[in-house]
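> Shown below is the structure under consideration.
Bear in mind that the values in this text are calculations on the coordinates, not laboratory data. Computed from a prediction, not measured in an experiment: that's the story for all the values here. Using ideal geometry, Cβ is built from the backbone for each residue, glycine included, and neighbour counts are taken over all protein chains shown.
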Amino acid sequence: MGWASCCKRSDGAEPGRKKKKKDTAWRVFSLKELQLATNNFNYDNKLGEGGFGSVYWGQLWDGSQIAVKRLKSWSNKAETEFAVEVKILAQVRHKSLLSLRGYCSEGQERLIVYDYMPNLSIHSQLHGQHAAECNLGWERRMKIAIDSAEGIAYLHHYATPHIIHRDVKASNVLLDSNFQARVADFGFAKLIPDGATHVTTKVKGTLGYLAPEYAMLGKASESCDVFSFGIMLLELASGKKPVEKLNPTTKRTIAEWALPLARDKKFKEIADPKLNGNFIEDELKRMVLVGLACSQNKPEQRPIMSEVVELLKGESAEKLSNLENDELFKPEQTSSFQGSSGPDSSDCITEEKSSKADAIEAAVDSSETVPSAR
Ligand SMILES: Nc1ncnc2c1ncn2[C@@H]1O[C@H](COP(=O)(O)OP(=O)(O)OP(=O)(O)O)[C@@H](O)[C@H]1O
Ligand SMILES: [Mg+2]
């Protein structure tokens, strides 16, 4: 299996037996070493800021490039507990997951070290600082979709204990020097014990990607990740953002926009204009159909991640045709899918927004960011 790291390393070295030990190795960093690497967490080194703190680019004494996530505050978390949790996450390895390279826990500082991903994220390639370069041609998009689906499927079905990501989105799928997708930040999910179907917890996640049952009830399960992944697939296919503001009072989700087009079989109209028509139509159709199936309101009607992988790869003609003929895509069908946010979508979105802000605040000064439901 590829999970013991079979991808090309971001430093350009080919994988091989000798490298394996280095790939899987991780260690404790001293604060001094990370201060040196990041020029004392210099503003110019800052890659961005997320819910749990800021991320800085850095370079170690051996020349390797790192990204250091400096958690905002960890006051309630004992040093040993932080280390235990981080070590568990460091064991999770798959070619499409961004594993931890190490951590630092000194005084009030809690830092997590990753390999730096030079092509940043799907988000920066589609909507951010790399958008103008149009680096994501169709072949890359399809591979990124399949690889990231495999990474999440690994978390759901093979990692022990199983892991719900809870924050699947375009800025959490990073791209290495070969544009190989690496799903990041699964470390901030709760680890779920075997046999448990869901863990109820404070809502985390990002506006536009949240499954309705998660946004409203705080009920996290694998199918919430499937929902978010579906939104990301639609984003990859269309180049659109998850939520579009039609006017000051009305928002439309990407799924609400894409579904009527898919029902009318107008797949070409969904394709990102930046592709200039350069895409494989069958693959685009698969990406859109799977994206919409994943982002249905009813969790029980969504596929599971292993099925998503299979469908995206187009391995089973029968399953694909079942998907295409699903009620969801019948022109007259209206009840089982009401866009990704349902009839009260604007209320739901407002609630998600405040929930996220609350959750982030709660998370940084409580145990929320470290998986604890084991
Ligand atoms: N290893 C890395 N290499 C390159 N860029 C990274 C790396 N890790 C994070 N980033 C980028 O740094 C920025 C901040 O990341 P961070 O994870 O803190 O926030 P986020 O992904 O936007 O939100 P969230 O907190 O929900 O994950 C993002 O743009 C992210 O893509
Ligand atoms: Mg992130």
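> Taking H as built 1.01 Å from N, whose amide H comes closer than 5 Å to the amide H of Val173, not counting residues under 5 places away?
Ile122, His123, Ala184
> Still on this structure, please answer the following. Can you compute the charge dipole magnitude of the stretch 116-166 about its Cα centre, using +1 on each Lys and Arg Cβ and -1 on each Asp and Glu Cβ, nothing else charged? Give it in debye, rounded to the nearest 20.
Values: 4 positive and 4 negative charges, 20 e Å.
For this selection, approximately 100 debye.
> Using θ = phi - 60° and the Karplus form 6.51 cos²θ - 1.76 cosθ + 1.60, what ³J(HN,Hα) does each residue of the stretch 273-289 get, whole Hz, x for Gly and Pro?
Per residue, the Karplus-derived 3J(HN,Hα) values read x, 5, 6, 6, x, 8, 8, 8, 4, 4, 6, 4, 4, 4, 4, 5, 4 Hz.
> Now for a separate question. Spin-label point model (7 Å from Cα, Cβ direction): what's the Asn40 to Asp62 distance in nm?
About 2.8 nm separates the two model spin labels.
> Another question about this same structure. At 0.36 nm per residue, and after removing the present C-alpha to C-alpha distance, how many nm does the segment from Leu207 to His127 gain when stretched out fully?
Going from the current span to full extension adds 27.2 nm.
> Would you mind counting up the charge near Leu120? Only other residues with Cβ under 12 Å from its Cβ, with Lys and Arg at +1 and Asp and Glu at -1.
-1
> What pairs in Lys266/Lys313; Lys240/Lys266; Lys245/Lys268; Lys266/Lys298 have C-alpha atoms more than 19 Å from each other? Each step should come with its number before you reach the end.
Values: Lys266/Lys313 21 Å; Lys240/Lys266 16 Å; Lys245/Lys268 23 Å; Lys266/Lys298 24 Å.
Over 19 Å Cα-Cα: Lys266/Lys313; Lys245/Lys268; Lys266/Lys298.
> How far is it, in nm, from the label point at Arg27 to the one at Asn276 when both lie 7 Å from their Cα along the line to the Cβ?
4.7 nm
> Under 5 Å between amide H atoms, partner at least 5 residues away or on a different chain: which partners does Lys46 have, H built in plane at 1.01 Å?
Trp57
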